[in-house]
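Where a number appears in this text, it was derived from the coordinates with a stated rule and is not lab data. In this text, all values refer to a predicted model and were calculated from it rather than measured experimentally. As a convention, Cβ positions derive from the backbone with ideal geometry for all residues, glycine included, and neighbour counts pool all protein chains shown.
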Amino acid sequence: IPQLKNKLYCYYCYPYKNFPEVRDHCTMTQYGNCYYLIGGIGSILSSSNSVWKLDMGTLLWNKLTNSQEQLTPQNRFGHTSICYQNILYVIGGRTKYNHSYVFSDFDFYDLEKNKFTYKQCYTRDRLQFRYGHISHLINNQIIVHGGINEDGKVLNDTFIISLSPFKTLSAKVSYEYP
């Protein structure tokens, strides 16, 4: 694939036998020369726990399987995902379109060990259950803002998740302008 230099290239990856199923409300996160498609909700309104890898060198998809079969990520959509070092962090989301469980946890996918782990933050400033939020990585911190909680309330809060050491902090955001 040529380097992008003020040009837009459009590539179509033909749906071979290895191709992600139809979905929306999923995330796609870059690590190196690959993109990782995580979760989402499918055509029959059921959430997915699959993780697919798109190699930009070959333009081929591969479905990733967990090296620890007993621990797989929760089915979820409306989550966010961030890659830091070789770990995909999957934050929040919900399980079903109607009558669903909303998450406040983190699923981790170690890209080098091909292994999922799960973590709940137990700190004074605990991240609320949420979906439909936004998140962004700045240095070694994930900023999480807004979303909808398990009661359907729209959230207007901001959390900072430190990745080393792993902890969450509630951020006091001022809406005053200088």
Practice task
Just order 40-53, 133-146 by mean Cβ neighbour count inside 10 Å, highest at the front, would you?
Solution key: 40-53, 133-146
Exercise for the section: Highest first, please rank the peptides 57-65, 76-84, 25-33 by the mean number of other Cβ atoms sitting within 10 Å of their residues. Expected result: 76-84, 25-33, 57-65
